[in-house]
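Participant: Here it is: the structure, laid out below.
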Amino acid sequence: MVEVSRATRLHPLQAGHSGILSVSVTLAENATRISLRAREDAIPALSKALDLTLPTKPKSTASNGARSALWIGPDEWLIIDGIESSVAEDLRKAKVLHSAVDISHRNVGINVSGKGADAVVNGGCPQDLSLSAFPIGAASRTVLGKIEIVLWRLAENEFRVECWRSFSNYAYAFLQESARDVAA
Amino acid sequence: MIIKCPYCGPRDVIEFTYQGDATRTRPNPASTDQDTWNAYVYDRSNPAKSHREFWLHGGGCRQHLVVTRDISTHIISSVVYARDYIHAGGK
Ligand SMILES: [Zn+2]
């Protein structure tokens, strides 16, 4: 007997059918976002103005209430805050050389949550997402498929993917397809 | 291939962008000698051994790096910041 195995055919637009999946891919709330660039000597004054200690180690973050600072590079942070935020005014009070650009509308946040969320992100991201290498609270600029993202682990099984607005359709569809693959 | 970024630690090569041969020296910009410029733009020795290359950790900390890599085995023997490499006179 010849056994024929057939791959299940999926409709290309079916990615949105995530009802049966263990990992959900949802849109994050709108947020205030600042791209902050500064040299090392400005960190204490900026930390004071932000009311949190800017992290200086790779993959590290610091939070105070709804406001968080993600280490992106040796002179670069992504500040994420609630939609009602005084972060721009607060930074203006720091009389040290820095650049603070409002990128609230440049980025889109996507939440990936549920058991296996790490595998869903790893569907397109090469980073080691074991808890020892990428613990809760860790964040990093990295890649997802062919785009650049900032990845932030909020809980063991919860990630936030920040991508550029024009890439958001790609990222959203990619993560939903990956969630479907992980469930299969 | 894994590149060990001096800031970020070991990361997959897809986070990086290759930026070319780090062993070349740009001729004096005032030079109009065609052979010199031709050699700078086109001549590559392509050795089957250790080689120096510029890489950018674009999908990461955005630092420019100089990677010393054996082209035949992909074994990386050193990764340093490009600025340090340049300030040391390309050594
Ligand atoms: Zn790096």
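The values are calculated or read from the model by the stated rules, or taken from the named source; none is laboratory data. Keep in mind it's a predicted model, so treat the numbers as computed, not measured. Cβ atoms come from the backbone with ideal geometry, glycine included; neighbour counts cover every protein chain shown.
Participant: What are the residues in the stretch B:14-56 that are surrounded by 14 or more Cβ atoms within 10 Å (Cβ to Cβ) and within 14 Å of chain A (Cβ to nearest Cβ), if any?
Facilitator: If the condition is that a residue be surrounded by 14 or more Cβ atoms within 10 Å (Cβ to Cβ) and within 14 Å of chain A (Cβ to nearest Cβ), then B:14, B:15, B:16, B:56 are the ones that fit.
Participant: Right, next: Looking at A:136, A:149 in this structure, which one is in contact with a Lys or Arg (Cβ under 8 Å, 6 or more places away or on another chain) and over 21 Å from residue A:34 (Cβ atoms)? Outline the logic, then answer.
Facilitator: Working: A:149 fails: over 21 Å from residue A:34 (Cβ atoms).
Unique residue meeting the criteria: A:136.
Participant: Moving on. Within the stretch B:71-91, how many residues are outside any strand (DSSP E or B) and without any contact (Cβ under 8 Å) to a residue 60 or more places away in the chain? Show your work before the answer.
Facilitator: Filtering the stretch B:71-91 down to residues outside any strand (DSSP E or B) leaves B:71-75, B:82-91.
When the remaining residues are screened for being without any contact (Cβ under 8 Å) to a residue 60 or more places away in the chain, the result is B:71-73, B:75, B:83-84, B:86-89, B:91.
Final tally of qualifying residues: 11.
Participant: Oh, and also: Can we say residue A:67 is of a type in the set (D, E, K, R) and touching a residue at least 24 places away in the same chain (Cβ under 8 Å)? Working first, answer last.
Facilitator: Numbers: of a type in the set (D, E, K, R): yes; touching a residue at least 24 places away in the same chain (Cβ under 8 Å): no.
No: the conditions fail for residue A:67.
Participant: Okay, next question. Do we have residue A:122 as farther than 23 Å from residue A:81 by Cα and of a type outside the set (D, E, K, R) here? Talk me through it step by step, then tell me what you get.
Facilitator: Numbers: farther than 23 Å from residue A:81 by Cα: yes; of a type outside the set (D, E, K, R): yes.
Yes; evaluated as a whole, the condition is true for this residue.
Participant: Right, here's the next one. So if I check each of B:65, B:56, which one is touching a helix residue (DSSP H, G or I) at 6+ places or on another chain (Cβ under 7 Å) and modelled with pLDDT of 90 or more?
Facilitator: On the way: B:56 fails: touching a helix residue (DSSP H, G or I) at 6+ places or on another chain (Cβ under 7 Å).
From the options B:65, B:56, the qualifying one is B:65.
Participant: Mind telling me which of the residues A:45, A:62 ends up being assigned to a helix (DSSP H, G or I) and of a type outside the set (Val, Ile, Thr)?
Facilitator: Testing whether each residue is assigned to a helix (DSSP H, G or I) and of a type outside the set (Val, Ile, Thr) leaves just A:45.
Participant: Inside the stretch A:108-167, can you point out the residues that are under 13 Å from the mean Cα position of the chain (by Cα) and of a type in the set (Ser, Thr, Tyr)?
Facilitator: A:113, A:140, A:142
Participant: Based on what the data block shows, is residue B:70 surrounded by 13 or more Cβ atoms within 10 Å (Cβ to Cβ), among the acidic types (Asp, Glu), away from chain A (no Cβ under 14 Å) and farther than 17 Å from residue B:86 by Cα? If you could, list the steps in order and put the result at the bottom.
Facilitator: Numbers: surrounded by 13 or more Cβ atoms within 10 Å (Cβ to Cβ): yes; among the acidic types (Asp, Glu): yes; away from chain A (no Cβ under 14 Å): yes; farther than 17 Å from residue B:86 by Cα: yes.
Taking the combined requirement at face value, the residue satisfies it.
Participant: Does residue B:73 qualify as being of a type in the set (Val, Ile, Thr), within 16 Å of the chain's Cα centre (by Cα) and away from the ligand (no atom under 16 Å from the Cβ)?
Facilitator: Considered against the rule, which asks whether it is of a type in the set (Val, Ile, Thr), within 16 Å of the chain's Cα centre (by Cα) and away from the ligand (no atom under 16 Å from the Cβ), residue B:73 comes out as no.
Participant: May I ask you to list the residues in the stretch B:43-69 that are within 27 Å of residue A:70 (Cα to Cα), over 14 Å from the mean Cα position of the chain (by Cα) and hydrophobic (A, V, I, L, M, F, W, C)?
Facilitator: B:61
Participant: Please indicate, with yes or no, whether at least one residue in the stretch A:60-78 is among the basic types (Lys, Arg) and in contact with an Asp or Glu (Cβ under 6 Å, 6 or more places away or on another chain).
Facilitator: Applying the first criterion (among the basic types (Lys, Arg)) to the stretch A:60-78 yields A:67.
Within this subset, residues satisfying the condition of being in contact with an Asp or Glu (Cβ under 6 Å, 6 or more places away or on another chain) are A:67.
Yes, because at least one residue in the stretch A:60-78 is among the basic types (Lys, Arg) and in contact with an Asp or Glu (Cβ under 6 Å, 6 or more places away or on another chain).
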